[in-house]
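The values are calculated or read from the model by the stated rules, or taken from the named source; none is laboratory data. Predicted model, so just to flag it, every value in this text is computed and none were measured. Ideal geometry is used to build each Cβ from the backbone, glycine not excepted, and the neighbour counts take in all protein chains shown. The accessibility values were calculated without ligands, DNA or RNA, using every heavy atom of the protein model including side chains. Shrake-Rupley method; radii C 1.70, N 1.55, O 1.52, S 1.80 Å.
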Amino acid sequence: ADHPHVRALADLYHMATMGDGPEVIGPASPWLYCVEIAEKDGRTAPGAAGQDFRPWFRALREAGYSGRITIEGKWDLAQLKTGFAEIRRQAAEVESE
């Protein structure tokens, strides 16, 4: 679109389901505005099934991404606290490398 108000969303659940890996983040990073996250197993909030998102967080860090990460998928309010804690934990582990 070549317009400053048109940006891309990285949906980690759908990317993993389609077989895309973290390496696709870098080339898309100039247009990346938001990241959606859900576990591949059951499309649940992070922490529900134990998925390792660190490779994705590493790719986002290397791409210089500092925007939003939202939880999407099939979860209930009780899972949000654990989901956000899992995101923070895994992202912090990548930052400390």
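Structure notes:
- What separates the Cα centres of region 6-33 and region 82-97 is a distance of 19 Å.
- Relative contact order of region 44-97: 62 percent, from C-alpha pairs under 8 Å at least 6 residues apart in sequence.
- Most fluctuating residue given options 60, 80, 12, as computed from a GNM of the chain linking Cα atoms under 10 Å: 80
- Only Cα pairs under 8 Å and 6+ residues apart enter the sum, and on that basis the relative contact order of the chain stands at 29 percent.
- Whole-percent pair-distance distribution, where bins are 10 Å wide, for the alpha carbons of the chain: 16, 50, 29, 5, 0
- Trypsin sites (Lys or Arg not before Pro) restricted to region 1-58 and DSSP loop, no more than 16 other C-beta within 10 Å: 7, 40, 43
- With protein chains left intact and a 1.4 Å probe, residues in the chain average 61 Å² of accessible area per residue.
- Estimated D of region 43-90 in µm² per second, where Rh is the Kirkwood radius over Cα pairs and Stokes-Einstein applies at 25 °C, 0.890 mPa s: 216
- Most to least accessible of 65, 33 (protein chains only, probe 1.4 Å): 33, 65
- Ordering of 17-24, 48-55 by packing [mean C-beta count within 10 Å, highest first]: 48-55, 17-24
- Long-range amide H partners of residue 71 with built H, under 5 Å: 37
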